[in-house]
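For reference, the structure discussed in these notes is given below.
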Amino acid sequence: MDYLTAVRAFVRVVEAGSFSKAADSLELPRNTVTKLVQSLEAHLRVKLLNRTTRQVSTTSDGEIYFDRMVRVLEDWYEAESELSSGQQNPHGRLRVDMGAGMASQLIIPALADFHERYPDIQLDIGVSDRPLDLLSERIDCVIRAG
């Protein structure tokens, strides 16, 4: 069972008040939504929904589960949103080491454009030609030519 999809289906059924409306909003067949909720109930070993031919309502356990899962899904979506916006707006510290010639001819002249494009990146540049231990010196990237 895809646990996340089952939880999303359960939450949508409660919010929509019916399996049909939930299925439409999730763009899934109605019987798939029904099976997801049934699998979730079997997994939890508790009845989450009272079903009649005309109405769906939560049991007391279902109400508690719904309240918690709504918060879990909100946190899930927020985390995904933060990560995808992080891809658009990278941030943090980047430690780079390079040779003097490369630094003075290529990198330093381009720093203003880099900082304008990526204002949330703190760039620490080291200039050396010596062999480095990337782990102990905590260097993220080394650029060498030759």
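Comparison of LEU36, LEU83 shows that the only residue that is surrounded by 10 or more Cβ atoms within 10 Å (Cβ to Cβ) and not in a loop (DSSP other than H, G, I, E, B) is LEU36. Comparison of ARG93, ARG54 shows that the only residue that is closer than 30 Å to LEU134 by Cα and basic (Lys, Arg) is ARG93.
Yes/no per residue for (1) of a type in the set (Asp, Glu); (2) in a helix (DSSP H, G or I):
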| position | (1), (2) |
| --- | --- |
| ARG93 | no, no |
| VAL96 | no, no |
| ALA103 | no, yes |
| ALA112 | no, yes |
| HIS115 | no, yes |
| PRO119 | no, no |
| LEU123 | no, no |
| ASP129 | yes, no |
| GLU137 | yes, no |
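When each of THR53, THR5 is tested for being on the phi < 0 side of the Ramachandran plot, outside any helix (DSSP H, G or I) and hydroxyl-bearing (Ser, Thr, Tyr), the lone residue that passes is THR53.
Residues are listed down the side, and each one gets a yes or a no for (1) among the hydrophobic types (A, V, I, L, M, F, W, C); (2) in contact with a strand residue (DSSP E or B) (Cβ under 6 Å, 6 or more places away or on another chain):
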position	(1), (2)
THR53	no, no
VAL70	yes, no
LEU83	yes, no
ASN89	no, no
ASP97	no, yes
ALA100	yes, yes
ILE108	yes, no
ASP133	no, no
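Checked against the criteria, ALA6 counts as small (Gly, Ala, Ser), in contact (Cβ under 8 Å) with a residue 24 or more places away in the chain and farther than 30 Å from VAL142 by Cα. In region 55-67, the residues that are touching a residue at least 24 places away in the same chain (Cβ under 8 Å) and within 18 Å of SER18 (Cα to Cα) reach residues that are among the basic types (Lys, Arg) and surrounded by fewer than 19 Cβ atoms within 10 Å (Cβ to Cβ) with C-beta atoms within less than 9 angstrom, at least six apart or across chains, in these pairs: GLY62/LYS47.
Scanning region 62-71 for residues that are surrounded by 14 or more Cβ atoms within 10 Å (Cβ to Cβ) and either of a type outside the set (A, V, I, L, M, F, W, C) or more than 27 Å from the chain's Cα centre (by Cα) (or both) gives GLY62, TYR65. Here is the figure for region 39-50: residues that are touching a residue at least 12 places away in the same chain (Cβ under 8 Å), surrounded by 15 or more Cβ atoms within 10 Å (Cβ to Cβ) and not hydroxyl-bearing (Ser, Thr, Tyr) total 3. Scan region 120-136 and tell me whether some residue there is among the small types (Gly, Ala, Ser) and modelled with pLDDT of 85 or more. Yes - at least one qualifying residue is present in region 120-136.
The values are calculated or read from the model by the stated rules, or taken from the named source; none is laboratory data. Being a predicted model, the structure only gives us computed values, none of them experimental. Ideal geometry is used to build each Cβ from the backbone, glycine not excepted, and the neighbour counts take in all protein chains shown.
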